[in-house]
1. Take A:Asp236 and decide whether it is modelled with pLDDT under 85, more than 18 Å from A:Gly191 (Cα to Cα) and surrounded by fewer than 17 Cβ atoms within 10 Å (Cβ to Cβ).
2. Those residues that are open to solvent by less than 30 Å² (accessible area, probe 1.4 Å), acidic (Asp, Glu) and either under 19 Å from A:Phe156 (Cβ atoms) or not in a helix (DSSP H, G or I) (or both), I need them from region A:102-128; list them, please.
3. Does region B:210-229 include one or more residues that are of a type outside the set (Val, Ile, Thr) and not in a helix (DSSP H, G or I)?
4. Checking A:Ala288 against (1) surrounded by fewer than 22 Cβ atoms within 10 Å (Cβ to Cβ); (2) within 31 Å of the chain's Cα centre (by Cα); (3) within 18 Å of A:Ala192 (Cα to Cα), which single condition isn't satisfied?
5. For region B:7-24, name all the residues that are more than 9 Å from chain A (Cβ to nearest Cβ) and either of a type in the set (A, V, I, L, M) or over 29 Å from the mean Cα position of the chain (by Cα) (or both).
6. So, in region A:22-32, of the ones that are more than 7 Å from every other protein chain (Cβ to nearest Cβ) and touching a helix residue (DSSP H, G or I) at 6+ places or on another chain (Cβ under 8 Å), which residue ends up surrounded by the fewest Cβ atoms within 10 Å (Cβ to Cβ)?
7. Would you mention how many residues in region A:58-71 are modelled with pLDDT of 90 or more, of a type in the set (Gly, Ala, Ser) and open to solvent by 30 Å² or more (accessible area, probe 1.4 Å)?
8. Can you name the condition, by its number, that A:Arg267 falls short on among (1) free of Cβ contacts under 8 Å to residues at least 40 places away in the same chain; (2) part of a helix (DSSP H, G or I); (3) open to solvent by 40 Å² or more (accessible area, probe 1.4 Å)?
Amino acid sequence: MIAFTLICLALGVLAAVHLARPLLREGGPGRLIGVAAGAVLALGALAAYAVNGMPDAPGAPYEPRMAALRAAAPATLSPVEQEEWLRDAVRRDARDVEARRLLGRYLAATERELEAIAHIEHALRVSPEARLFNDLGQAIMTLNQGTVTPEAERAFRAAHAEDPAMPEPAFFLGAAAYEAGDRSQAASYWGAIIARLDEDDPYRMIIASRAADLLSRPSMGGADPAAMTEGAERPDIEAMIAGMIDGLEQRLADEPADVSGWLTLARARMMQDDPGAASTALARGRAAFHDDPGARALLAALAEAFELEETDA
Amino acid sequence: MIAEIGRYLVALAFLACIAQTLLSWRGADQGGRSGAARAGAAAAEIAVIAAGAAFLLLVISFIRSDFSIAYVAANSHVDKPLLYKISGAWGGHEGSMLLWCWILALFGLGLARIGPKDAALRARAVSFQGLLSTLFFAFLAFASNPFERVFPAPIRGADLNPILQDPLLAIHPPMLYVGYVGLSAAFAIAAAGLVQRSGGRALAGALRPWALGAWTSLTAGIALGAWWAYYELGWGGWWFWDPVENASFMPWLLGAALVHSAIATEKRGAFPGWTVFLALIAYVLSILGAFLVRSGVLTSVHAFALDPERGVWILGMLGVSAVAGFALFALRAGSLGEGDGFEPTSREAFIGANNLLLAVTAGVVMVGTLYPLFVDIMGWPMISVGPPYFDASATPLLILAAALMPMAAFMPWANGGAKPGLKQMRAAFLLVPVAGVIIAFIAFGAPVLAVAAGGVGAWALCGAAMDVGVHWKAAKVRAARLAVTGRALAHAGVGFIALGGAADASRPPDIHRALAPGESMTIAGRSLTLEEVRRADGPNFMADRATIRVDGRSVVRPERRFYPAANQTTREVGLGSDLRGDIYLSVGEARTREDGVMAYEVRAAFHPLVWMLGLGAFLVVMGGGLALTARLMAGAPARARAGDGVKAAGTADAAQARAT
């Protein structure tokens, strides 16, 4: 404040003297005009400054501010400051994989997927790690409204190849297979993850529950359900559905190695308000997959979702 | 503290401009050599130094990324390359207004130091320039201060608009502002001359170099803007009749009329009132341009301040300048005198016709630009006035003006005589290549206007060549030769622009294809093969760069960029240039084609002879520069006339009179 005042005073006085000098040299009434003009210039400038001036307001150049942020504990920073902290780390060391990964995740979470992808790809050039491939795949998926695009699938495959034990890439590969209509491949991916995870691992429960939900949804084989039932009366529709469910049960009796089929059958029986038949379907599924803990976990997850007692087939 | 010192310096410059206005006015009343006049000049110096220092502090704030300054936070980002951090200082409204004000102050100082030889006229002109500066510095200090603060200061800036992050855009605005603001000096001299009752000839002589310098700079600024639009905006045009382009084109047209009319007034006393009127209205239209760009009344790629309150300020400045200038003109136009009269086939008549066409064109452009605003104000259904209107109205007028242009140089002053002039020009002989060009354009299936423009372009080129051939030898002193060369270059530039524009208007349709790497497409007989698309990230953007091989030889690399800070995508065009024209390529995003293949949207265009536009603009600027140099060289001995004798000045003046 003092330095600012002194500088402004010095500038004002210099300008006033420079302005008044020709008039002062002239002598006569010009002198008075010169002094008045100089004074008005200096004081008027201060007055005009004072209209909106903020003499106490400090400057905030970027570098000193970042130095202060660097010195602070990251946990005490706001999200925007944390983001800038990460950006600063990346600026200072373009090969800082961890900073890039965290920045990429943060950007993806705040709907800035393109930039997130760029940072993750930079990190991958330095260190092709499974978690980075996985983050890349997820960012691409988010960018595409949750669809596992071929690019995302490539990233998940790379992640799965780097670390087959990592649950997320396998889960999304299963999702890709499911979106492509390959339910058995999806069940295989998801079952394999579930089999690898501990019983009390929260991921295991989440994945099993989600997978059971998806795999138990009826598959119309590409047909449009609305078109199939168009013009039919309700009793006819119910009869048609019942026939389809019976057909599914018959097919499973012939080909029992279809976990998705058992899940669908159990769900369908629940929709028919027949929990006993649903329990039986799940029990037959468990029997068919007695040596596959992944598939059994999927069947158990659906049973839990429908609050069904486990029974023998 | 830097920001606050900057704000104080802006205030100091504002007060200095007031002092400049008042003291110079008193100095002019005292004959222009008193202490008051010198104090007025000192005030102009203070304004220049204060505004220049404020601008420097703003640039430093950009370099330091001080986001406590709202303007820096809104137009910069820490990751931006240094060049664009610096150019960001004039990339937005407030900073560009500071630059505008600084240039205004510089012209005030220029008038005080090298202004009209008549001391009283000079002091009066400095006073008027001070008044114009005061208006703008008040606007800057109280309504558009670039040192406005924001607390808490954001940690990140919003970044400069990515399309402005271009080397050409770093120099385009300063050139344009020198042009716009330079016209203020012509305004100030004209207004001062009306107050002083200086007489038309003296006034025309005094304002001509300022008008010429400003118009040359405005030409350079517009040309750089057109070039930038051509390669940066991604759709391949160089002139869109965009309202903001029109806002710069109107003062350019009137500036062109002014530099020619001032010659006739200075040499023969013709059109004194018209010349002074042009000097006044050209600057008023410059302020109108500022209003259109900065008030928010228009939506355009160029419009960068959407603030109606600022618009009211600028409208006020426009009103004060226009009322002061035109009221003076109404009261004192009679003091400008009358010329000696001239024949309809004299050079004055051709200059007059040229002026009429340029002025009518400016009027037509103004109607087309302002009519949608008028409709909006009246609450009528919204309309837009676009290229069809301007092509049908303004372009034919410009073609006609360009057709008359080469002949004026061969017409004698005053008494006229078209026949000897055209004979000296060998006009009949020149029509042969012109006919050849017209036939070529017709053969290529060019539209009618393009055929006409092509023919006129060839005519102007031939005329310019003949002008040098005939008049250069006749000119005996260096200044006169420079003047002839300048005129011929400028007229040749117009010819090249007409030819280039005509060729571009006759170009084949653009092609849009989704190409996968390895696939090809053809345009204008050239094969384009997409070889690959790679990541090519920059410091503050991410980019996909395509490599496209043209005819299996040269390579063009268009890019598609994403600027995350601004959250904006741009297309960086790839140009493959040779004498035939430009292959113009831009690449879009990747998408899966119907056949399931991942492909990139590629847009290809061929712009034949487009280089002629650039060459033409360069020649016009060179011509203007040479003419200004010639004027200054001829003026130097004239100034020495008072002390060193009459002979040297008489020689130079006579030589230039013959030449121009």
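1. So A:Asp236 fits the description; yes.
2. A:Glu113
3. No, because not a single residue in region B:210-229 is of a type outside the set (Val, Ile, Thr) and not in a helix (DSSP H, G or I).
4. Condition not satisfied by A:Ala288: (2).
5. B:Ser24
6. Going through the qualifying residues, I end up with A:Arg31.
7. Matching residues across region A:58-71 total 3.
8. Result: A:Arg267 fails condition (1) only.
The values are calculated or read from the model by the stated rules, or taken from the named source; none is laboratory data. This structure is a prediction, so every number in the text was calculated from the model and none was measured. Positions of Cβ are generated from backbone atoms using ideal geometry, with glycine treated the same way; all protein chains shown enter the neighbour counts. What goes into the accessible areas is simple: the full protein's heavy atoms, side chains included, and nothing from ligands, DNA or RNA. Shrake-Rupley method; radii C 1.70, N 1.55, O 1.52, S 1.80 Å.
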